[in-house]
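Read-outs throughout are calculated quantities, based only on the coordinates presented, and are distinct from any laboratory measurement. Just so we're clear, the structure is a prediction, and the values are computed from it rather than from any experiment. We place every Cβ from the backbone using ideal geometry, glycine too, and count neighbours over all the protein chains shown.
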């Protein structure tokens, strides 16, 4: 199972790396992330020789969108998880170590953010700041960091009472040294495990915001948005209910496999890092 | 225990203050003119923007505006939701029962399937059924609800015409809005039964099958995994060996002894899951055009219908905090070793 996860992510990584080779941007294109349009007909066209995955409404090429969308997906996943884990470790670690009023304020803040239905808060943030991929990433980060912060704080609280920390303090180690050399390395693993397990969920949340039409402008290579383009076509044409199956099936399967890859990989990471599960 | 519960109850209004204050500070990113234009419906009135800003105090600092809103809430007035086209309190009364019915219809299958297959997985560890149910669970966990929803709609609505989206069909719509139809409970399925409208009942249930199936598939994984790992832990304990050694039937060992103890984390997790569903499942409700709290909340957020967002989030954050309290208390009730509040 974990092998499947590794191969899925390796596959997507190579697609992302080889995007310019697999789907060369048309000559004269300024932005490789904008999907080329073949005409402006409103009806999607099923897969053909010219468009191996078919086209969406307004004739955006799905194959091109899938290939370049891989880069977008990695960027969103890594950036959101990276920034929220960094924020969580920093704030949660400081709160757990220093305690006192800063700890109290931070924990109440996380209570509040966690009490929000996260998609609604994210939608408010994106709507206020204006639609766009950067704002989607900002919003998803804003709703994700509190769970890491709480986890980190809890671990720091228990690690800082251990004997080796007391011993090091008795030897005259500074706070910074205690935190960086002793406490953080011994308390960061649970956060990393949760981070690797939540990678898939974060991709889904970001795609959901794009699906709601809050992401990048139409035509940008972004999977969630390509699925949103399929919403009007699920009924097919008269006599052929599955006439436009490719518009939902192809981007849907792509997101599914990407998330599945991260989830299987996350399981593997947990098995390696968490000895209690063995 | 009582002291603990009371302390947590006091905490509830604090979180609600925080949630609304946070929303208000998000809105400060918008200029006063933009916020004023949200109140103006007719483009010809845009010239009177200054008057609107004056009337609603939109240029005042955030805490003052927040205070004004709190004063309004204290009078029992939650405002008017532009997306729902009705006052917020009425909108909650209209949308919450729909979400509640959907929750009931999806929660019990999730609970049953999750626990049943979790136990099977643990008992037959590393056998075919274990691999199979874990694989199905992780695929469900990896599938975005909007993808699954669209595919289900394509098959069961587009092709087979079995389960349409929305809340009910046109005939049912006319029926429930006619004077002959009495709304006893507000829950449409129950009301249909009480009014002896069988075909309307079937119609309403039919509209809930697809969203409920979507929720089942995407949420069952967590419950299944927790049941499995908790069950595995219990099965490896000494008392299970004792029970087996004294010749007890394997079924009795598994279901009477081990399961009773393994269910503790399952109970707390499922209470969180239940309230999570009750707070509105935003994307699933949106895909199926199901008029519940989640769809309303996200529509209000997209159109910056401020009273609407405040109403929807107040409700779901209230549910969230109560769910945490309930799950903590359940934990203490189920497991006598845990004493909350340190007494």
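Can you give the angle from 0 to 90° between the axis of helix B:259-278 and the longest principal axis of chain B, with both taken from C-alpha atoms, to the nearest 10?
Helix B:259-278 sits at roughly 20 degrees to that axis.
Would you work out if chain A is rounded, prolate or oblate? Take a ≥ b ≥ c from the square roots of the eigenvalues of the alpha-carbon gyration tensor; rounded if a/c is under 1.5, else prolate when a/b is larger than b/c, oblate otherwise. Don't skip to the answer; put the middle values down first.
Numbers: a/c = 2.73, a/b = 2.18, b/c = 1.25.
Prolate.
Within a 10 angstrom radius of each residue's Cβ in B:300-307, how many Cβ atoms of other chains show up on average? Whole number is fine.
Average neighbour count from other chains, rounded to a whole number: 4.
Over all alpha-carbon pairs of chain B, lay out the pair-distance distribution in 20 Å bins, whole %, shortest bin first.
24, 48, 25, 3, 0
Ranked by Cβ crowding within 10 angstrom, fewest neighbours first, how are B:119, A:269, B:333 ordered?
B:333, A:269, B:119
Report the label-to-label distance for residue B:75 and residue A:4 in nanometres (one decimal), using points 7 Å from each Cα along the Cα→Cβ vector.
Those two pseudo-labels are separated by 6.0 nm.
How big is the gap, in Å, between the Cα center of region B:4-23 and the Cα center of region B:89-144?
Between the Cα centre of region B:4-23 and that of region B:89-144, the gap is 30 Å.
Under the classification rounded if a/c is under 1.5, otherwise prolate if a/b is larger than b/c and oblate if not, where does region B:185-343 fall, given a ≥ b ≥ c as square roots of the Cα gyration tensor eigenvalues?
prolate
Regarding region B:157-213, what are the three Cα extents along the principal axes, ordered largest first, in Å?
Sorted largest first, the three principal extents are 35, 20, 16 Å.
Taking the Cα atoms only, what angle lies between the long axis of helix A:189-211 and the longest principal axis of chain A, rounded to 10 degrees?
The angle comes out at about 30 degrees.
I need the shape label for region A:191-242. Rule: rounded when a/c is under 1.5, else prolate if a/b > b/c, else oblate, with a, b, c from the alpha carbon gyration tensor.
Working: a/c = 4.18, a/b = 2.11, b/c = 1.98.
Cα axes put region A:191-242 in the prolate bin.
What residue among B:117, B:29, B:181 has the largest mean-square fluctuation in a Gaussian network model of chain B, using Cα springs under 10 Å?
B:29
Can you compute log10 of I(q)/I(0) for region A:1-51 with the Debye formula, treating each Cα as one identical point scatterer, at q = 0.24, 0.28, 0.32 Å⁻¹?
Each listed q corresponds, in turn, to -0.99, -1.08, -1.17.
How shielded is A:229-236 by partner chains, expressed as the average number of their Cβ atoms within 10 Å of its Cβ atoms?
Numbers: counts 0, 4, 5, 0, 3, 11, 5, 3.
Taking all residues of A:229-236 together, the mean is 4.
Would you calculate, for the protein assembly as shown, the mean residue ellipticity at 222 nm contributed by helices, counting each DSSP H stretch of 4 or more residues as -39,500 (n - 2.57) and dividing by all residues, to the nearest 500?
For the protein assembly as shown, the value works out to -22500 deg cm²/dmol.
Give me the one-decimal nm value for the distance between modelled label points at residue B:139 and residue A:18, 7 Å along each residue's Cα-to-Cβ direction.
About 2.7 nm separates the two model spin labels.
What FRET efficiency would be calculated for the residue pair residue B:183, residue B:108, taking the C-beta separation as r and a Förster radius of 35 Å, to the nearest 0.05?
Computed FRET efficiency for residue B:183 and residue B:108: 0.90.
Rounded to a whole number, what is D in µm²/s for region A:1-134 from Stokes-Einstein with the Kirkwood radius over alpha-carbon pairs (20 °C, 1.002 mPa s)?
Using the Kirkwood radius from Cα pairs, D works out to 114 µm²/s.
Show me the three semi-axes of the equivalent ellipsoid for the protein assembly as shown, from the C-alpha gyration tensor (sqrt of 5 times each eigenvalue), largest first, rounded to whole Å. Kindly include the intermediate steps, with their values, before the conclusion.
Working: eigenvalues 282, 208, 191 Å².
Semi-axes (√(5λ), whole Å): 38, 32, 31.
Under the definition of partner shielding as Cβ atoms of other protein chains within 10 Å of a residue Cβ, what is the mean value for peptide A:202-211?
4
So what's the angle, to the nearest 10 degrees on a 0 to 90 scale, between helix B:198-235 and the longest Cα principal axis of chain B?
50 degrees
Using the basic label-point model (7 angstrom from Cα toward the beta carbon), what is the residue A:189 to residue B:28 distance in nanometres?
My value for the distance between the label points is 4.3 nm.
Provide the FRET efficiency to the nearest 0.05 for the residue B:229-residue A:48 pair, computing r from the beta carbons and using R0 = 60 Å. Show your work: numbers first, answer last.
Numbers: r = 48 Å, r/R0 = 0.80.
Given R0 = 60 Å and the Cβ-Cβ separation, E is 0.80.
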